[in-house]
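The values are calculated or read from the model by the stated rules, or taken from the named source; none is laboratory data. Bear in mind that the values here come from a model prediction, so they are computed numbers and not experimental data. A quick note on method: Cβ atoms are made from the backbone with ideal geometry, for glycine too, and the neighbour counts reach across all protein chains shown. Side chains included, ligands, DNA and RNA excluded: accessible areas come from the protein's heavy atoms. Shrake-Rupley method; radii C 1.70, N 1.55, O 1.52, S 1.80 Å.
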Amino acid sequence: MDKAYDSKLVEGKIYRMWEKGGYFKPKIDKKKKPFTIILPPPNANADLHLGHAMYVIEDIMTRYHRMIGDPTLWLPGADHAGFETQYVFEKELAKKDKSRFDFPRDVLYKMIWDFVHENRGKMENQLRRLGFSLDWSRNVFTLDQTVVTTVYTTFKRLFDEGLVYRGLRLVNYCTKDGTGFSDLEVKHVERADPLYYMKYGPFILATVRPETKFGDTAVAVNPKDKRYKKWIGKEIEVEGLLRKFKMKVVGDDAIDPSFGTGVAKVTPSHDFTDYEIAKRHNLPMKQVIGFDGRLTDIAGPYAGLKVKTAREKVVEEMKTRGMIDHIDENYTHTVATCYKCGTVIEPLPLEQWYVKIKPLATQATKAIKEKKIAVVPRRFEKHMIQWLTNFADWNISRQLVWGMRIPAWKCQSCNEWTVTEGEEPNQCSKCHKTKLQQDTDTFDTWFSSGQWPFATLRVAQGKLSDFRSNDFNYFYPTSVMETAYDILPWWVCRMIMLGLYVTNDVPFRTVYYHGLIRDSKGQKMSKSKGNVLNPLRLIDQYGADALRFSLVFGTAAGNDQSISEDKIRGMRNFANKLWNAARFVTLLQSETKKGQQDITFKKEMDRIIHKVTSYMDKFNFNAASELLYESFWHWYCDQIIEQAKNGKISKTVLHEGLLSYLKLLHPFMPFVTEELYQKMPGWNGTPLIVSSWPV
RNA sequence: GGACGAUUAGCUCAGUGGUAGAGCGCUGCAUUCACAUUGCAGAUGUCGCAGGUUCAAAUCCUGCAUCGUCCACCA
């Protein structure tokens, strides 16, 4: 054996041995309760980042349960990541001076498909480099036909039961990316913008968006506001930029008398509050901003201008015509922006598919409150219930090509929608006419990933070999969902809602949240900041075991952590310590002489085994790793090995102790422990990964 | 405006009722001893602040401060 542990010589070889040996596949035993984790599917076309390495917690659980004898499945997958991927692909197109509009839909789809599949293997090999014991024979892609069919079936059932409906309302629309979003994809940022006090008939009113004035259909005041009470219900005459026009005054509680002058213009097509006011007062809608982010014909000479330019021109013209009273230049407010590209989100009126959330969320909340799903750490239970209580109906339509096209066809005669489980209908379900046109939109990616736990396990449904068709019945509900807390509303809550709806059972019995990884200064890692640490580089330099151990050591569940290379180096040293302790033990000649401290040693070893096991069962991997590190280094190595040199501990007992440590440490540091286990004298030929946990 | 988290050794963080902990760093000593990716010895903290509960509080309660995160339609 070499004097130092060299991870490069070991990791590839060991992983191939595991994979070839089929050790990642569960041994199904109907009499035993399985342990199941579904890996949160990384984007198929993107490299892993350090955050993905936190899934090591799932590998720790998986390896532990495999060793205690549970039929254990950790199922891998890849996400087509609709919007994210199309966004990246469009950037690639832009480099070649092309855009998505240069290609027919099916050609574009094919191009993105190829793009994704060229990159897909990369991510999967990175998961292997981390040592993840995923059952690759069950690998699933979100666009696999069986998954698509499952998602379509759910959509149809939701539609048939009135839980999905077509609605025309204001949508969060990014005019740059050309798609609408759900509320969650909107990022609110604080910003300073001029607040224009403009003359509006008999009033002066404040607005940051004078360019939308062509879409005004009323003026609103608070009904309790004494200053304006007499105007409510009356019509006012306003000198506009285009012409003189008449405008109704309505009283509405949404108006805050203390803001501005207490008078607001109502632009129902471009403001959520105004839209609500319009609904209450039956006001017409006038769309002045188009989906291209330019003003429509309603804006007369300003038509065709982009919003920003239009605002400047409108303000300029109003200034020269004395229509602006004054401008508050120090006004700060929050603006809705696209979470991806930062463009200001325009609320625009658009017909979309919505999931009625209330009935689904009620079920989900009930399941959490009744402890059908345990939440680790506990504090996130409150977050989840808050989210479930506050969710608005979910817009699942996206104006994208990359994704599952919505299986809904609109009748050209009666305008009714026919929804199927994917097959093209030959007639309208209402009027039976045959001229139908499919919705051009695709599903929000989260609508499909929200069904991931059962969609993955149902993947075969009798179509493939037998052992897989029974997966759903055997492995569902899954044991643990382990993910970063930042996708709690996007993903976890939706999985619970859709899981309960479709399967009548929770999708997982426990949800464990890990924190985010930040750089050594505590800042969020991002490509633009240039502080991203590549997990592969760290693995190359320190070994996968060291990286893995440093991610769980000293990290409480749900807390963010700053990663530092110093820490990883320290854990590499620990792997090396393990290596050398094992080297020492293997160098010993076997003998049967008893040592006077043997009993005491065994007792302490038992205590450690018991403690670590109990920590594992309680999801306290941090405590387990610390106890193992501390006791192995400073007790087993510093004291026991020294005692063994003096004959106080027998060599047999020392050897047994080491075997226990290799087993206990295996979930955390699978490579070095496996390598050493197989080097131990008297190894019986069974790999450590499928050996039994010490008791 | 609301919610949540953090505040503990120089740095990064564990610890949730019973005499303050780890990693890294620091100081001194040790080198043909399994390991210098090492060993031995050592220093360092009124556990954010102020009250309260308790025989006992870093830990529970109340209030405050600072930092951070998420949410929220003030035009």
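So in segment A:97-116, with the set limited to residues that are open to solvent by less than 90 Å² (accessible area, probe 1.4 Å) and of a type in the set (Lys, Arg), which one is modelled with the lowest pLDDT? Even if it seems obvious, please write down each step before you answer.
Of segment A:97-116, the ones open to solvent by less than 90 Å² (accessible area, probe 1.4 Å) are A:99-100, A:102-105, A:107-109, A:111-116.
Checking which are of a type in the set (Lys, Arg) leaves us with A:100, A:105.
Details: A:100: 91, A:105: 94.
In this case the residue turns out to be A:100.
Given the conditions (1) in contact (Cβ under 8 Å) with a residue 12 or more places away in the chain; (2) away from RNA strand B (no atom under 15 Å from the Cβ), and given that residue A:607 satisfies all but one, which numbered condition is not satisfied?
(1)
Spot the failing condition for residue A:89; the list is (1) buried (at least 22 other Cβ atoms within 10 Å of the Cβ); (2) within 26 Å of the chain's Cα centre (by Cα), and only one is missed.
(1)
Which of the strands (runs of 3 or more DSSP E) found entirely inside segment A:370-463 contain at least 2 residues meeting this: among the aliphatic types (A, V, I, L, M) and out of contact with any Cys (no Cβ under 9 Å at 6 or more places or on another chain)? Lay out the reasoning, then the answer.
Details: elements: A:374-376, A:408-411, A:417-419, A:436-438.
Once the strands (runs of 3 or more DSSP E) in segment A:370-463 are filtered for at least 2 residues that are among the aliphatic types (A, V, I, L, M) and out of contact with any Cys (no Cβ under 9 Å at 6 or more places or on another chain), what remains is A:374-376.
Given the options A:502, A:506, A:532, A:492, name the one that is farther than 28 Å from residue A:5 by Cβ, assigned to a loop (DSSP other than H, G, I, E, B) and of a type in the set (Val, Ile, Thr).
Values: A:502 fails: assigned to a loop (DSSP other than H, G, I, E, B); A:532 fails: farther than 28 Å from residue A:5 by Cβ; A:492 fails: assigned to a loop (DSSP other than H, G, I, E, B).
Within the list A:502, A:506, A:532, A:492, the selection yields A:506.
Mind listing whichever residues of segment A:167-192 are touching a helix residue (DSSP H, G or I) at 6+ places or on another chain (Cβ under 9 Å), in a strand (DSSP E or B) and under 20 Å from residue A:82 (Cβ atoms)? Write out each step before concluding.
Of all residues in segment A:167-192, those touching a helix residue (DSSP H, G or I) at 6+ places or on another chain (Cβ under 9 Å) come to A:169-170, A:172, A:174-175, A:177-179, A:181-182, A:184-185.
Adding the requirement that they be in a strand (DSSP E or B) leaves A:169-170, A:172, A:174, A:179, A:181.
A:172, A:174, A:179, A:181 - these are the residues of segment A:167-192 that are touching a helix residue (DSSP H, G or I) at 6+ places or on another chain (Cβ under 9 Å), in a strand (DSSP E or B) and under 20 Å from residue A:82 (Cβ atoms).
Given (1) under 27 Å from residue A:480 (Cα atoms); (2) under 21 Å from the mean Cα position of the chain (by Cα), where does residue A:339 come up short, assuming only one miss?
The one condition residue A:339 does not meet is (1).
Being modelled with pLDDT under 90 and within 12 Å of RNA strand B (Cβ to nearest atom) is true for just one of A:522, A:515, A:570, A:595. Which residue is that?
Working: A:515 fails: modelled with pLDDT under 90; A:570 fails: modelled with pLDDT under 90; A:595 fails: within 12 Å of RNA strand B (Cβ to nearest atom).
When all the criteria are applied, what remains is A:522.
Of everything in segment A:660-686, what is open to solvent by 10 Å² or more (accessible area, probe 1.4 Å) and in a helix (DSSP H, G or I)? Give them in sequence order.
Those that are open to solvent by 10 Å² or more (accessible area, probe 1.4 Å) and in a helix (DSSP H, G or I): A:660, A:663, A:675, A:677, A:678, A:679.
Please count how many residues of segment A:246-261 are farther than 24 Å from residue A:327 by Cα and either assigned to a loop (DSSP other than H, G, I, E, B) or more than 16 Å from RNA strand B (Cβ to nearest atom) (or both). Step through it out loud before you land on a result.
So in segment A:246-261, the residues farther than 24 Å from residue A:327 by Cα come out as A:246, A:248, A:250-253.
Add one more test, that the residue is either assigned to a loop (DSSP other than H, G, I, E, B) or more than 16 Å from RNA strand B (Cβ to nearest atom) (or both), and what stays is A:246, A:248, A:252-253.
Qualifying residue count for the region: 4.
Could you grab me the full set of residues in segment A:173-218 that are open to solvent by 30 Å² or more (accessible area, probe 1.4 Å), within 17 Å of residue A:239 (Cα to Cα) and of a type in the set (A, V, I, L, M, F, W, C)?
A:204
Given the conditions (1) out of contact with any Phe, Trp or Tyr (no Cβ under 6 Å at 6 or more places or on another chain); (2) within 14 Å of RNA strand B (Cβ to nearest atom); (3) closer than 18 Å to residue A:130 by Cβ; (4) not small (Gly, Ala, Ser), and given that residue A:560 satisfies all but one, which numbered condition is not satisfied?
Result: residue A:560 passes all but (3).
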